[in-house]
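Engineer: The structure follows.
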Ligand code: ADP
Ligand code: MG
C-alpha cells in the first residue's frame, strides 16, 4: 500500500475514539459545552444507558445560524484564538474536537437559538452534514445524540451493560452538580429523574448527590494559602468510604484525579483511617491559571502543576490542620473575584468577610511567587480547638509566617511523627494485664503507667466488621444455615427495597428470599454473625432505607449492611470471660486506636498521672 492521507471520515472516526469512548464521555463533553455557553439551566436525558439517546438541553448563548456547520467541523472552536491562549484557559472545552467526534460516530442533531436570532436545526449522520433548517426552540441549545457508535460496531461491542453505563453517567453528572453549584441541573435516565439541583449552592448540591445525611459528617472548609485557595467539604475524621469514588477534586473548576493532591489529602487522613478506608471529600482547588497545565490528555482528567511541592504542602497543611482540630479563625483571606474571571470562576460565591483578619495579617500571606522562591511552609499550627462540623460558617485557617525549611522535608517530618504517634499507641497484647470489668461493658487492662478501658461492644463490633469486610472483599463469605428460618413482614416499599438488594445480601453471606409479597425469609447468615439479632438488623437497615435509596449507591448499602450486621451480632451487657476478653484484644492486634465502625473509640487510655491528679497526689 502506498502512503496516503486518511480521508476525513476515517480520521474523524479514529479521533472520535480518543475523545468519546463511552456514553458518559459524550455526556461530559456536551454538558461542558453547555456550561461554557453560560447556561444556568441544563437538562440531561438518556435512554438505554445513553447508547440509544443522549440529549442535553441548555439555556446558554446558542450558536448563530451561520456557525452551526462549523460546530461540527474538527478543530473548530470559539474558545481559543492563538496558541498563547492555551496558557490561560478558563473554559472547559478548547480543542474543538468534541462535537465533530460525537457527530462522526452517531446520528446527531443540534437545535440552537441565540438571543437575537431564530432557532435553526442541523442534523448529521456519521458525520455527513445535512442542511441548516429553520426549527422551533427557546434560546439556548439542544443537542441530541442518537445511536452512538451505530457505524463503529467494534466500539459498540466494548460498551457495558445499560445499568453500568447509567451508573457511569450518574458519576459524571454528580460531579457536574458539585462543580457547578450555581447551575440548576436535571438528570433523567429512561424517564426517571436521578438528580436535580436548583443552583443554590454547594451544600445543596452535595445533598442532591449524596443525600442530606452526608452533610452531617462533613466539615466545610475555605482556606487560602500563598495565593492557592482550597474550599469545599471534607469528611470528618470518622467518616470514611470503602472506595475512592467519593472523592471529588476540582482544580479551577475542572474535575480531575491528581496524584499530588490525592496523596496530600490521603496522608493528612492517614492517622485517622485504617487500611481500605477512604476519606470522603468534595474539594475545590483554585490556583493561578498560569501555574497549572490542563492540556495533559484529551479527556482532560488530570492536570500538571508547575510545582508539585507547593501544591502538596498547601493541601496537606490545610487538610491536616482542619482534621487535627488546629484550624483557627485568625487569618483568612479570600480575594474578591476579579472582573476578568470567567463564568466558572465567578460562579463560586465570594467567601464571607473574614471575622478576625487583622489588616496586618495580609502582609504575612505570601504570594504564590514568593512561596515558590522560598518553598517553605509552617504546618505546625497550635493545638486546641476541635474541627467544626458542618454549619454555614466556614472553618478558617491560620496562616503563619513561613519557616525557612524545605516543604518536602517538612512533610516528611510530619508523616514520620504521625507514624510514630500511631506506633506509640499500639501495645503488645501480651503486656496487657486484665484487671476486670466495669458495668458489664468495659474491660480494664493495665500496661506500664496506663490503664486501658475497652468498650467490649465497640471493639468486638469493629473486629467483626473488619473480618466481614475482608471476607466479603475476597468473595469468601460463608453462610451458616439457621435451624429455623427467620421471617420478617414488611410493607410494599420496604419489600421492594429489600428485594432489589437481595443480590447484595447474598454476597455478604445471607440467604434471603421473598415470602409472598410482604415478607422476607432469611434461612442463613454469614458464619461470623451466627446468633445475631435479625430483628434489630432489619429494623436498622429499613430505618435508613430512605437515605440509602436516595443515594442509590451499592457501596454505601454494603457498608450499612456490614455495620448493622455487626451491631446486631454483639450483645450488650453480656459478661465476657477473661479468656474471651483476652481473645478480643489479641484480635485487635493490640491496636489501641481502634474505633467501632461508627467511629466511636473502642479504647480509652487513662494515665496513672491522670488518676493521681484526681486524687490530688500531684497537681
Ligand atoms: P470546544 O468546546 O472545545 O470549543 P466542541 O467541539 O465541543 O469544541 O464545540 C465546538 C464549538 O461549538 C464550541 O467552541 C462552541 O462555539 C459551539 N458549541 C458547542 N456546543 C454549544 C452549546 N451547547 N452552546 C453554544 N455553543 C456551543
Ligand atoms: Mg467542548
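Each value in this text was obtained by applying a stated rule to the coordinates, not by laboratory testing. This one's a predicted model, so the numbers in the text were calculated from it and none came from an experiment. Glycine gets a Cβ as well: all are built from the backbone with ideal geometry, and neighbour counts include every protein chain shown.
Engineer: Quick one: check the C-alpha center-to-center distance for segment 149-207 versus segment 492-544, whole angstrom.
Structural biologist: What the calculation gives is 30 Å, centre to centre.
Engineer: Which residues in segment 31-50 place their backbone N less than 16 Å from a point set 7 Å from the Cα of residue 196 along the Cα-to-Cβ direction?
Structural biologist: The answer is 41-46.
Engineer: Something else now. Cα gyration tensor of segment 444-516, axes a ≥ b ≥ c as square roots of the eigenvalues: rounded (a/c below 1.5), prolate (a/b > b/c) or oblate?
Structural biologist: Since a/c reaches 1.5 and a/b is larger than b/c, the shape of segment 444-516 is classed as prolate.
Engineer: Test of understanding: what is the full-extension gain from residue 450 to residue 52, defined as 0.36 nm times their sequence separation minus their Cα-Cα distance?
Structural biologist: 136.7 nm
Engineer: Label residue 243 and residue 610 with points 7 Å out from Cα along Cα→Cβ: what is the distance between them in nm?
Structural biologist: Simple spin-label model gives 4.0 nm for this pair.
Engineer: Please order 482, 545 by the number of other Cβ within 10 Å, starting at the fewest.
Structural biologist: Lowest count first: 482, 545.
Engineer: Need one word for segment 8-202: rounded, prolate or oblate. Basis is the Cα gyration tensor (sqrt eigenvalues a ≥ b ≥ c); a/c below 1.5 gives rounded, then a/b vs b/c decides.
Structural biologist: Rounded.
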